[in-house]
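The values are calculated or read from the model by the stated rules, or taken from the named source; none is laboratory data. It should be emphasised that the depicted structure is a prediction, and the values quoted were computed from it without experimental measurement. Cβ sites come from the backbone with ideal geometry, for glycine too, and all protein chains shown count toward neighbours. All accessible areas refer to the heavy atoms of the entire protein, side chains included, with ligands and DNA or RNA removed. Shrake-Rupley method; radii C 1.70, N 1.55, O 1.52, S 1.80 Å.
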Amino acid sequence: MERETAVLVELRDIEFAYTKEETVLKSVNLSVRQGEWIAVVGESGCGKSTLVRLLNALLRPQNGIVSVFGEELTEHNAPLVRSRIGMVFQNPDNQFIGETVEEDIAFGLEGLCLERAEMERRIAAYTDKLNISSLLPKHPGELSGGQKQRCAVAACLSMEPEIVVFDEATSMQDERSRRELLGVIRGMKEQGDYTIFSVTHDVDEMLAADRIIALQNGTIRADCTPETFFKDIELLRDCGIELPFRLRLEQQLQARGIEQSAISKNIPHKRVKQAVEGGHGRDRLDETKRGGPIE
Amino acid sequence: MIGWTRRNAGDQSNSEAVIQLTNVDYTYQAGSPFAATALHDINIRIRKGTLVGIAGGTGSGKSTLLQLLNGLLLPTGGAVKVLDHTLLPNMQKPRLNALRRRIGLSFQFPEQHLFEDTVEKDLMFGPMNFGSSRKEAQSKAVEALKSMGLDEALLKRHPLTLSGGQMRKVAIASVLAAGPEIVMLDEPTATLDSAARRELIALLARLCREEGRTILMVTHRIEELMEVADEWIVMHEGRAVFQGDADELADRSEELDHWGVAVPEQLRCWAEWTARLPQLAALPLPRTAEDMARRIEEAVHGFEKCESTNIASKEGSQQESAQELNDQADSSMDAPYRHEKEVSACVTS
Amino acid sequence: MRDKLIIGRMIPTGSRVHGLDPRSKITAMLLFTAALILSNGWPQLAALTILSILVLTATKIPAKTYLRALRPLRWLMLFVFLFQLIAGAGNGTVNLAAADPLLWSGTWGPFTLTSAVLSSALLAVSRMALLIVFTAMLTFTTTPSMLSRGVEGMLKPLSRKGTGAERFSLMMRLALRFIPALLEEAQTILKAQAARGADYEEMKLKEKARLLLSLLVPVTVGAFRRAEELTTSLEARGYRIGAPRTAYRQLIWRSADTWFTLLFALLPVGALLMRLTV
């Protein structure tokens with residue numbers, strides 16, 4: 001069924017370099033359908049951030065074609081395309097332009113030339129959605145990193161983009177905010193209105209995505225599901241990804257011939273089921289993948 | 001060189017304390033509305049040659065704590081004893097370089113504090129401030145670079161031309177160059193990829209085990225340091241709410257979430273397995289995946305023997321056998337990570 | 001920590017001063033400054049002080065907060081005071097000719113301190129304090145975005161075409177937003193270098209020069225990094241200089257603004273008149 005959705009992003013034979021000596025991306029081909037969640041992974045400096053910056057013409061490739069929303073990206077349509085692609089960056093401080101949360105969200109909306117009433121409606125709707133309504137009059141100095149990042153997401157979503165790019169958005173966050181933000185992205189995915197790119201080092205984020213694009217030395221090394229990705233030990237190593245503890249344990253157990261099913265079990269599964277049936281929002285988002293909290 | 005091995009519980013209490021905080025309070029300038037970042041009644045003791053993890057959420061006081069230990073901040077109450085220095089409230093500002101040579105502090109994103117035009121000069125900055133001659137400083141720079149697992153070829157490079165991971169390690173080396181007995185690091189792994197994190201932690205563990213340095217590392221990911229940390233301190237709202245080893249931490253895992261830190265995977269997995277195999281509960285928490293797998297293997301073999309006798313009674317309801325199926329289907333490596341869609345499909349089938 | 005520098009942050013109390021158009025407040029501020037410069041005696045200063053107190057009271061912000069705004073500049077004010085005193089005392093004889101009656105004088109070596117010198121030094125400091133407090137009032141009652149929008153509104157007629165006003169207002173807005181962050185960063189860098197043995201309180205003068213370098217380089221690099229990230233983020237949010245925009249905060253000039261501006265317009269006029277008549 002999902003196969004029928006439209007292709008939203010198409011990269012063909014992309015080549016990109018900041019300087020003549022060093023090519024960052026070469027022969028990159030990629031097509032992404034509406035509603036997909038793509039995790040872009042790879043070692044630091046492999047060109048992940050560069051890749052996503054091509055989508056809204058923050059950077060322009062030396063060679064190749066970038067098509068977004070069915071149109072080739074040019075000088076002329078770049079402003080329009082930017083208004084349909086939202087980005088959330090790593091450091092929440094440096095994307096906070098307004099001096100209050102409200103002003104900051106409004107800043108983007110002003111650029112869309114919206115009427116005051118529509119701005120008010122959107123600010124109310126998206127801060128409510130992200131549970132930050134109470135923070136509206138706050139100065140960024142009064143907010144925690146996690147709160148600031150939520151505000152950045154609200155500012156981005158209020159512009160009602162079709163594509164949202166998270167460029168290492170969780171990497172400066174503490175554990176709690178990291179999980180909250182992941183919950184937010186999962187919620188967005190479920191809602192189905194967004195096509196999501198997340199540039200990330202975070203294993204949980206990769207596992208939650210539909211598709212992994214692994215970059216190595218400026219080319220796409222792998223384009224696969226997270227399931228396939230995490231089975232390929234060599235690939236993981238090349239991408240600078242340490243197998244998470246749970247997977248390492250699984251591996252060790254398998255090597256010892258212990259299958260999960262060999263023991264009378266069902267502790268984690270019951271939880272998964274409960275979560276799927278009853279849970280909603282953050283709780284479920286946090287718990288399902290992990291097999292539930294500890295008793 | 002002395003071989004440093006993990007201490008067992010027996011000799012812990014005897015070893016010498018290099019840091020001792022007694023009823024320490026710290027309040028930022030009176031009248032500041034950011035009193036939440038202050039510290040209240042901190043009592044901790046850190047033994048020589050141990051690797052201590054300090055965990056806590058944003059604003060819990062972790063960074064303030066580190067700054068008290070090398071006199072960047074003076075306590076407003078209680079006493080801070082570090083090596084043979086004692087820092088007290090309202091004391092006349094002591095000369096602290098003698099202390100700071102022996103206790104190094106690497107701030108968050110330390111690569112942002114490099115300033116010289118070569119790596120070598122930056123590495124020599126510390127030693128020369130602490131009175132080394134140029135020659136001594138040079139050899140200390142080389143040594144520090146090596147102990148961070150970096151190549152000497154980097155010495156002549158400009159710090160800004162290095163990769164992110166290399167810059168981080170150079171910056172940490174610039175603290176090590178002064179030869180501190182205690183090394184404090186504020187979230188040294190932040191924003192690194194997971195392989196780089198693991199490598200850095202292995203290097204820090206080596207500093208501790210092989211060179212006998214005391215390491216204090218702030219992290220908000222207990223998981224990454226679980227394998228090597230001898231001891232944990234958890235900070236929450238300016239209080240040290242926990243000090244103890246991994247097993248004691250495991251006993252209080254239900255409080256971790258309230259303290260704003262995530263329960264590490266090691267504890268989650270172990271708890272799941274002890275719930276299935278209760279005989280595991282008596283064992284100490286295995287820190288590595290290998291250890292844990294071995295413990296489980298031992299337990300399973302013992303378990304299977306007695307289980308085989310009453311296996312028939314275990315064949316239960318429809319629901320259970322559906323889950324059995326589910327187990328088999330997912331016994332591959334990615335089992336715990338399958339998508340909720342797939343899970344619900346299995347459950348309803 | 002970061003609120004040591006409290007100027008530049010709006011304190012919402014919902015007072016009538018808060019509700020005024022930023023253009024009228026900025027104009028008032030300019031007129032007030034002009035009056036301060038023109039006033040050269042205690043009667044004028046007393047009048048300005050009374051007016052300031054009235055406005056400050058109307059903001060409903062506690063007096064303590066205004067005093068806190070003065071605190072970071074206390075050393076500068078002390079310096080100005082002493083400078084005036086010494087400069088005046090050095091050539092005190094010149095000042096003796098002033099119209100002020102000689103109430104008191106004393107001589108220490110080459111310095112002759114007179115009541116007139118003391119009075120003029122005090123006057124200088126009081127003017128400075130008034131100016132700081134009034135600036136604080138402006139920033140306490142107006143958000144930086146309103147402030148920059150006000151400046152933009154006032155500059156627009158000057159640069160009819162082109163984007164000068166918009167550029168200036170964006171620059172001002174970003175500066176107000178990021179200066180505290182940069183100061184904080186500088187503080188951290190200072191601490192980080194102190195941890196590497198470069199504590200400026202324990203250094204010789206020659207070494208202090210080196211410390212300056214160890215501070216300046218990272219601060220500059222950091223500022224550039226921030227600027228770059230900020231530009232990217234502005235661009236990603238579709239911002240282009242000169243592109244059409246609507247305004248979330250509309251500037252509305254009410255009659256209260258006219259009265260407020262007129263009131264302040266009287267100040268420099270009055271001061272000038274008094275100066276001419278004396």
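Observations, loosely collected:
- Residue within the range B:39-56 that is within 12 Å of chain C (Cβ to nearest Cβ), surrounded by 22 or more Cβ atoms within 10 Å (Cβ to Cβ) and under 22 Å from the mean Cα position of the chain (by Cα) present: no
- If you check B:186, B:122 for being touching a residue at least 40 places away in the same chain (Cβ under 8 Å), closer than 29 Å to residue A:167 by Cα and touching a Phe, Trp or Tyr at 6+ places or on another chain (Cβ under 9 Å), only one passes: B:186.
- Close pairs (9 angstrom Cβ cut-off, 6 or more residues apart or separate chains): without any contact (Cβ under 8 Å) to a residue 24 or more places away in the chain and closer than 15 Å to residue A:29 by Cα in the range A:55-80, assigned to a loop (DSSP other than H, G, I, E, B) and of a type in the set (S, T, N, Q) anywhere: none
- Scanning the range C:45-84 for residues that are farther than 14 Å from residue C:138 by Cα and among the polar types (S, T, N, Q) turns up C:49, C:84.
- Search result, residues across the range B:211-223 that are open to solvent by 20 Å² or more (accessible area, probe 1.4 Å) and modelled with pLDDT of 95 or more: B:213
- Among all positions in the range C:222-239, there is no residue which is under 27 Å from the mean Cα position of the chain (by Cα), at pLDDT below 85, part of a helix (DSSP H, G or I) and among the charged types (D, E, K, R).
- Qualifying residue in the range B:157-165 (condition: within 10 Å of chain A (Cβ to nearest Cβ), at pLDDT below 95 and either under 21 Å from residue B:50 (Cα atoms) or surrounded by 23 or more Cβ atoms within 10 Å (Cβ to Cβ) (or both)): no
- Every condition in (1) modelled with pLDDT under 90; (2) in contact with a helix residue (DSSP H, G or I) (Cβ under 6 Å, 6 or more places away or on another chain) holds for residue C:41 except the one numbered (2).
- Being farther than 26 Å from residue A:190 by Cα and open to solvent by 10 Å² or more (accessible area, probe 1.4 Å) is a property that residue A:160 lacks.
This table checks each residue for (1) assigned to a strand (DSSP E or B); (2) closer than 17 Å to residue B:169 by Cα; (3) assigned by TED's automatic domain parsing to the domain that holds residue B:258.
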{"position": "B:54", "(1), (2), (3)": "yes, no, yes"}
{"position": "B:91", "(1), (2), (3)": "no, no, yes"}
{"position": "B:126", "(1), (2), (3)": "no, yes, no"}
{"position": "B:137", "(1), (2), (3)": "no, no, no"}
{"position": "B:144", "(1), (2), (3)": "no, yes, no"}
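- Residue tally, condition within 12 Å of chain A (Cβ to nearest Cβ) and either free of Cβ contacts under 8 Å to residues at least 12 places away in the same chain or open to solvent by less than 40 Å² (accessible area, probe 1.4 Å) (or both), over the range C:225-257: 23
- Output for the range B:57-74, where each listed residue is within 14 Å of chain A (Cβ to nearest Cβ) and either of a type in the set (A, V, I, L, M) or more than 18 Å from residue A:173 (Cβ to Cβ) (or both): B:61
- Only one entry in C:88, C:106 is open to solvent by less than 50 Å² (accessible area, probe 1.4 Å), assigned to a helix (DSSP H, G or I) and modelled with pLDDT under 75, namely C:88.
- Residue match in the range C:15-24 (condition: at pLDDT below 85 and under 17 Å from the mean Cα position of the chain (by Cα)): no
- Scanning the range A:184-229 for residues that are acidic (Asp, Glu) and touching a Lys or Arg at 6+ places or on another chain (Cβ under 9 Å) yields A:202, A:204, A:205, A:210, A:223, A:227.
- Some residue of the range A:139-148 being away from every other protein chain (no Cβ under 11 Å), open to solvent by 10 Å² or more (accessible area, probe 1.4 Å) and either touching a helix residue (DSSP H, G or I) at 6+ places or on another chain (Cβ under 7 Å) or assigned to a strand (DSSP E or B) (or both): no
- Strands (runs of 3 or more DSSP E) contained in the range A:34-99 and holding at least 3 residues within 30 Å of residue A:203 (Cβ to Cβ): A:37-41, A:85-88
- Residue C:170 being more than 11 Å from chain B (Cβ to nearest Cβ) and either part of a helix (DSSP H, G or I) or surrounded by fewer than 19 Cβ atoms within 10 Å (Cβ to Cβ) (or both): yes
- Scanning the range A:58-95 for residues that are among the aliphatic types (A, V, I, L, M) and either in contact with a His (Cβ under 7 Å, 6 or more places away or on another chain) or open to solvent by less than 20 Å² (accessible area, probe 1.4 Å) (or both) yields A:66, A:68, A:78, A:81, A:85, A:87, A:88.
- Odd one out for residue A:246 among (1) in contact with a Cys (Cβ under 8 Å, 6 or more places away or on another chain); (2) more than 25 Å from residue A:9 (Cα to Cα); (3) open to solvent by 40 Å² or more (accessible area, probe 1.4 Å): (3)
- Residues considered: C:187, C:193. Of these, the only one that is under 26 Å from the mean Cα position of the chain (by Cα), within 30 Å of residue B:105 (Cα to Cα) and of a type outside the set (Val, Ile, Thr) is C:187.
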